[in-house]
1. Looking at the range 2-46, what % of the alpha carbon pairs are farther apart than 15 Å?
2. What part of the accessible area of the chain, given as a whole %, is carbon or sulfur when the probe is 1.4 angstrom?
3. Are there any GluC sites (Glu not before Pro) in the range 9-112 that are in a DSSP loop and have at most 16 other Cβ atoms within 10 Å? List them by number.
4. On full extension of the chain, what length is gained from Asp68 through Arg94, given 0.36 nm per residue of separation minus the C-alpha to C-alpha distance?
5. Straight-line reach from Lys60: which lysines fall under 21 Å, measuring Cα to Cα and dropping same-chain residues less than 8 apart?
6. Quick one: putting +1 on the C-beta of Lys and Arg, -1 on the C-beta of Asp and Glu, what dipole do you get for the chain around its Cα centre, in Debye to the nearest 20?
7. Where both residues lie in the chain, what percent of DSSP beta bridges are antiparallel, nearest 5?
8. Bin by bin, in steps of 5 Å, what percent of the Cα pairs in the chain do you find, going until the bin that has the longest distance?
Amino acid sequence: VQLQASGGGLVQAGGSLRLSCVASGITTTMSWYRQAPGKQRELVAVSHSDGETNYSDSVKGRFLVSRDYAKKTMYLQMNSLKPEDTAVYYCNARNLAFKESWGRGTLVTVSS
């Protein structure tokens with residue numbers, strides 16, 4: 001499965017952005033990760049195929065992950081953005097054979 005992430009950009013602290021990740025095929029679990037400069041990649045949100053979602057403590061209550069299965073797309077609605085949310089955001093997905101794929105990433109910059 002190929003993944004294409006988009007929607008990143010520059011936003012002021014307190015603002016919102018919505019990221020999208022379009023998959024080329026059927027996926028099961030889809031996730032958002034992010035990597036800030038000089039830091040390790042971290043898990044941000046997970047969307048399981050049964051509808052369950054999980055979030056890192058740092059974004060819980062501010063970010064919302066959702067799926068449009070007809071469009072094979074996962075979204076990440078990011079609200080109340082903070083400068084520490086600045087990172088390259090990557091989407092990750094597993095296909096029906098549980099093979100993992102990564103998208104190229106989209107840069108989110110939050111100014112203070």
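1. Details: 584 of 990 pairs.
Considering the range 2-46, 59 percent of its Cα-Cα pairs are separated by more than 15 Å.
2. It is 49 percent, rounded to a whole number.
3. The qualifying sites are Glu52.
4. 7.8 nm
5. Lys39, Lys82
6. Working: 13 positive and 8 negative charges, 43 e Å.
With Lys and Arg at +1 and Asp and Glu at -1, about 200 debye.
7. Details: 36 of 40 bridges.
Antiparallel bridges make up about 90 percent of those DSSP assigns within the chain.
8. Once binned at 5 Å, the Cα pair distances of the chain give 2, 13, 25, 26, 18, 10, 4, 1, 0.
The values are calculated or read from the model by the stated rules, or taken from the named source; none is laboratory data. Quick caveat: nothing in here was measured; it's all calculated off a predicted structure. All Cβ positions, glycine included, derive from the backbone under ideal geometry; neighbour counts span all protein chains shown. Side chains are part of the model used for accessible areas, which takes the heavy atoms of the whole protein and leaves out ligands, DNA and RNA. Shrake-Rupley method; radii C 1.70, N 1.55, O 1.52, S 1.80 Å.
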